[in-house]
1. Suppose we filter PRO121, PRO131 for residues that are in contact with a strand residue (DSSP E or B) (Cβ under 7 Å, 6 or more places away or on another chain) and open to solvent by 60 Å² or more (accessible area, probe 1.4 Å); which single one remains?
2. Does LEU45 fit the bill of being among the hydrophobic types (A, V, I, L, M, F, W, C) and part of a loop (DSSP other than H, G, I, E, B)?
3. Checking the structure you have, find out if any residue of the range 105-120 is more than 30 Å from ALA66 (Cβ to Cβ), under 16 Å from the mean Cα position of the chain (by Cα) and touching a residue at least 12 places away in the same chain (Cβ under 8 Å).
4. Just to check your reading of the model, which residue among THR30, THR86, THR57 is outside any helix (DSSP H, G or I) and either among the small types (Gly, Ala, Ser) or open to solvent by less than 50 Å² (accessible area, probe 1.4 Å) (or both)?
5. Which ones in the range 60-76 are assigned to a loop (DSSP other than H, G, I, E, B) and under 17 Å from GLY101 (Cα atoms)?
6. Mind listing just one residue for me: the one in the range 103-158 that is in a helix (DSSP H, G or I) and more than 21 Å from ILE29 (Cα to Cα) and, of those, modelled with the lowest pLDDT?
7. Going through the range 89-102 one residue at a time, which ones are more than 19 Å from LEU48 (Cα to Cα) and either part of a loop (DSSP other than H, G, I, E, B) or open to solvent by 70 Å² or more (accessible area, probe 1.4 Å) (or both)?
8. Mind counting the residues in the range 134-158 that are touching a residue at least 24 places away in the same chain (Cβ under 8 Å), among the hydroxyl-bearing types (Ser, Thr, Tyr) and surrounded by 15 or more Cβ atoms within 10 Å (Cβ to Cβ)?
Amino acid sequence: MASDLQKSHENEREGAEITYGAEDCYRKITELLQNLGFPNGVLPLKELEEFGYVRKTGFAWMKQKAPYEHYFSSMKLLVSYATEVTAYVELEKRKLKKINGVKGKKLLIWVPTVEMSIEDPASKQIYFKIPIGIGKSFPITAFMTEEEKHKYLEKSNE
């Protein structure tokens, strides 16, 4: 059974472009998020070791040295990122789906996030879905890095 699962993961990664090292991985993840229209802060991964992306299928994975928890203060939301986060990328739909390794804590319960999307870029909202099919939208600005917020505010004031 375990070997079947391992083979499945190997098959998903076939033909992948793989990047190693923190700086190169961060650069690749940033490119991917920008192509999706997502703010960089939506995946605040630490100590990255590996990033892989299969353009043909959209399968992507990110490995970090250890699990990481990040508190989004503007939403009062604690999010946990596993050592390995995987997802399927749909660039044209601005969506990450079948996400594994990301969960948020609400009312003392950890709830996995299975999908992130920007359904209407004009709304400036990012939508998160959980396994039972319901979800919630948050302002994109809540996930922006300080640098992104600064650029966003400059643009808004023009």
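1. Of PRO121, PRO131, the one residue that is in contact with a strand residue (DSSP E or B) (Cβ under 7 Å, 6 or more places away or on another chain) and open to solvent by 60 Å² or more (accessible area, probe 1.4 Å) is PRO131.
2. Spelling it out, LEU45 is indeed among the hydrophobic types (A, V, I, L, M, F, W, C) and part of a loop (DSSP other than H, G, I, E, B).
3. Yes, the range 105-120 contains at least one residue that is more than 30 Å from ALA66 (Cβ to Cβ), under 16 Å from the mean Cα position of the chain (by Cα) and touching a residue at least 12 places away in the same chain (Cβ under 8 Å).
4. It is THR86.
5. Result: LYS65, ALA66, PRO67.
6. Of everything passing the filter in the range 103-158, SER156 is modelled with the lowest pLDDT.
7. Selection gives GLU92, LYS93, ARG94, LYS98.
8. 1
The values are calculated or read from the model by the stated rules, or taken from the named source; none is laboratory data. Note that the structure is a prediction, hence the values are computed from the model and not measured. Reconstructed Cβ throughout: ideal geometry from the backbone, glycine too, with neighbour counts over all protein chains shown. All accessible areas refer to the heavy atoms of the entire protein, side chains included, with ligands and DNA or RNA removed. Shrake-Rupley method; radii C 1.70, N 1.55, O 1.52, S 1.80 Å.
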